[in-house]
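The values are calculated or read from the model by the stated rules, or taken from the named source; none is laboratory data. This structure is a prediction, so every number in the text was calculated from the model and none was measured. Please note: Cβ atoms are built from the backbone with ideal geometry, for glycine as well, and neighbour counts cover all protein chains shown. Ligands, DNA and RNA are stripped out before the accessible areas are found, and what is left, the full protein with its side chains, is counted by its heavy atoms. Shrake-Rupley method; radii C 1.70, N 1.55, O 1.52, S 1.80 Å.
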Amino acid sequence: MEEEGEPVVNISDVEQFPQESPSENGVMLVVNHSNIQPPFSVVLATLLYCAEFVCAAVLCNMYHKSDDDTWMGLTITFMLVPAVLTQLALTFIHRDLGRDRPLVLFLHLLLLGPLIRCFEALMVYFKAGKKEEPYVTISRKIKLKKDQGTPMEWEIGHSERKLATHRNAFKRTAVIQAFLGSTPQLTLQLYATIQEKYLLPIRMTLMIICLISVTYGALVCSVLAINIRYDDYKVRLRPAAYLCMILWRVLEIATRVTSLVLFSTALTYWVIPVGLGNLLFFFLLPWVEFWARRASLPDNVEKNFSKLGTTVVLSLVTFLYACINIFCWSAVQLDLGHRDLIEKKQRWGRLAAYYGGRFLENGALITLWYFHKSDFYEYVCAPLLVAQLLICYSLAVLFMLLFYQFCHPCRRLFRHNVHDCLACVCCCICCRRGGGREGQGQPNSYSTTATMVLVPLEQPELQPPDLTRQLVERETAIIEDIMEAA
């Protein structure tokens, strides 16, 4: 047994803690090894992986029978590339190359790694709690409740630690599967449907599975960003937060994919520079910031890696980061010089710039499609479709704002929230329209209100008034008045 000051694993599925006892330093100690939640995230990621792989294989067979070699080749590419990367990620995270596990490695070669990993996680879950086991580490977190933070400690047992490793591994693979496989697969099949002017049932099934996979991958990105940014706090999202995030991500991704596909049907070859421009911009942005800071490469990516190996790994991470940002907000900003590779400071300005720029880009793509659309859309109300896409993306932004304002698990820690920023913008607009009204001595003017809104949380304590001094000054004034009257 060992006790550490920093949490080794992030146990986020343990919700109820019946045994609590205060320790000597005032920290609440939680002891409960039997209440382990089922690994739902592992099962869901495995089901999505298998369903998408099987549907893509069946669709490739149909393309082969109809001699659609182009669609078949692209479908196979978007099916095999993420599958191979998933096997490599699982092997790298579990460190199986240095262990004697030939059966597991053989199943990974057959692209069946997620199945055996899911089976191992279920076996650990069903065996947990049958016999008492000592804890291997202690996780220290701050639990937020009613604007108060309570320091707590959790004893992490062997079973909990193994399940946490499986959950963390499948969260990473879900993101890889979503944005390196499901997103291009969804875009390809939607484009093929429009070009061929008919909808196959198996193709429709594959597109639905891909949309679910991409939405789940985006949710994982948002939750991982919260867990990394607020690592000292116990994070638990409520059902309303998940519902808000699902609506936000579904509308955002569906609108983005539809805009790209419509644009590609009208201007086929121009979609290539648009995609490559987005990819290069988001790929080079973290490296430019890294060089501007004159930082050095982190040493904790892998102990046995050289500088070349570390650079290759960071390049792959940056490539995945760029692929995510092409279709939706990644919720994190890379800091290649930091040990966690993630910038923990929330940049509201970059968030606003991303959604503002993406809204303008989607509007430009849809507008170009409107003026260059083919005769296939003559029975489609094009202006209505354009309005629907813009409204859907606006609704995605609205649900995002609602999440950060009301449903974010750590919103009480925000220095400024969405309401403050919107109030500040409205106040600045009103001040510009009002001209010089601020200097007319009006109480609670817009400028004063904006200043009050943006006051930091760490305000200095106000000193209590000196009542004795005020009483003496008042009596002196009264005496002077009497002397003058006499």
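Annotations for the structure displayed:
- Of all residues in segment 234-245, those satisfying the criterion of being open to solvent by less than 60 Å² (accessible area, probe 1.4 Å) and not aliphatic (A, V, I, L, M) are LYS234, CYS244.
- Test: residue in segment 322-341 that is farther than 30 Å from SER296 by Cα and surrounded by fewer than 16 Cβ atoms within 10 Å (Cβ to Cβ): no
- Identity of the residue in segment 285-300, surrounded by fewer than 13 Cβ atoms within 10 Å (Cβ to Cβ) and among the aliphatic types (A, V, I, L, M), that ends up modelled with the highest pLDDT: VAL288
- Restricted to helices (runs of 4 or more DSSP H) entirely inside segment 306-407, those with at least 3 residues that are of a type in the set (D, E, K, R) are 348-372.
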